[in-house]
Amino acid sequence: MVVEADAVSVDGWDFSWLDGRATETRPSWGYQRLLGERLAGVQAALDLETGGGEVLDGCPSLPPLMAATESWPPNVARASELLRQRGVVVVATEGIPFGDNVFDLVSSRHPVTTAWAEIARVLRPGGSYFSQQVGPASVFELVEFFLGPQPAEGRNSRHPDRAVKAAGEAGLEVIDLRSESLRTEFFDIGAVVYFLRKVIWMVPGFTVEQYLPKLRELHELIERDGPFVAHTTRFLIEARKP
C-alpha cells in the first residue's frame, strides 16, 4: 500500500488515484462551472498556476486569447500537451510576464500565492480576478498529526479576510466572497502518502522514509478506528478592477 503510493506519479492535478481510498466534499459553488461561464463571456483570459491544465480543459468554451502559466516542469509538459489542442498558450514561469491591461479575466484554482498587484496590473479596467483558494487551517488535523500543533500565524495565513485586504491594497474591489469547511476522509495509509506527496506544502519535505514511524502509527489508528477525518477549507473570491 505504502510502496505503491510512494511510487505512483503525482504529476498534474488529477486525484483519481484516490478514488475509493479517500473522499473530499466539494464546495457547493462549483468552481469549474462558474469559471466556464466567465470564460465564455470574455475575449482574453489568463489562468495562473494551471497545474496539469485539467481544470481549464474541463471548461466547454475558451476565449480567442487564452494563456496559462505553470512553474513545475512535469506540469508544464502535461498542461502544454493537454491545452495545445484548445489553442491555449502555456508559459513556463512563476511570475506574470504579460503587459499592462491585457486580460478581461485572470483566474487561479488553489494558488500557492496570489500576486495581487501583478494581477491588477495585467487586468483591463472592468476586468476581474476569479479564484478558488485554500482557506485557513485546511486539513490541519493531518498536518498536525505529523508536525504537531501549529502556531496561530500558520493556521490563519490563508484567511479570506487577508485576501480581501490584499485585493483592496492592489486597487481591486471584492464583489464576491464565499467560504466553506468540507469533510475529508482517508480510508488507508496509501491515500495519506499519495496526498502528502502531491500537496507538497502540507508537510514540507515529506518522504515515507522520514515519517515512517508516524505513518505506522496512523495506519494502526485507521485500522482500529476507521477513516482518518480532516476538514478542508476553501474560499471563493472575485475581485474587479475599476
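Projected area of the stretch 127-197, taken from the Cα convex hull and averaged over every viewing direction, in nm²? All intermediate terms of the calculation are to be shown ahead of the outcome.
On the way: hull surface 25.4 nm².
About 6.3 nm², averaged over all directions.
If you take the C-alpha gyration tensor of the stretch 79-179, multiply each eigenvalue by 5 and take the square root, what semi-axes do you get, largest first, in whole Å?
Sorted largest first and rounded, they come to 29, 20, 11 Å.
Which number comes out as Rg/Rh for the stretch 1-156 once both Rg and the Kirkwood Rh are worked out on C-alpha atoms? Mind showing how you got there, number by number?
On the way: Rg = 17.1 Å, Rh = 17.1 Å.
Using only Cα positions, Rg/Rh for the stretch 1-156 is 1.00.
Placing +1 on the Cβ of each Lys and Arg and -1 on the Cβ of each Asp and Glu in the stretch 85-239, which of Gly171, Gly127, His231 has its Cα farthest towards the positive end of the resulting dipole?
Gly127
Can you tell me the relative contact order of the stretch 2-240? Whole percent, Cα pairs under 8 Å, sequence separation 6 or more. Don't jump to the answer; show the numbers that get you there.
On the way: 431 pairs, mean separation 57.7, N = 239.
Dividing the mean separation by the residue count of the stretch 2-240 yields 24 percent.
Past the 21 angstrom mark, what percentage of all C-alpha to C-alpha distances in the stretch 1-86 do you count?
39
Lysines near Lys214 by alpha-carbon distance under 30 Å, same-chain residues fewer than 8 away left out - which ones?
The reachable lysines, counting only those whose Cα sits under 30 Å from Lys214, are Lys198.
Would you grab the residues whose amide H sits under 5 Å from the one on Gly127? Only those 5+ places off in sequence or on another chain, please, with H modelled 1.01 Å from N.
Correct list: Lys241.
When the helices in the chain are scored as -39500 (n - 2.57) per DSSP H run of 4 or longer and the sum is shared across all residues, what 222 nm value do you end up with, to the nearest 500 deg cm²/dmol? Please list the in-between numbers first.
Details: 10 runs with 84 residues, N = 242.
About -9500 deg cm²/dmol.
Bear in mind that the values in this text are calculations on the coordinates, not laboratory data. Just so it is clear, the model here is predicted, and its values are computed rather than measured. We place every Cβ from the backbone using ideal geometry, glycine too, and count neighbours over all the protein chains shown.
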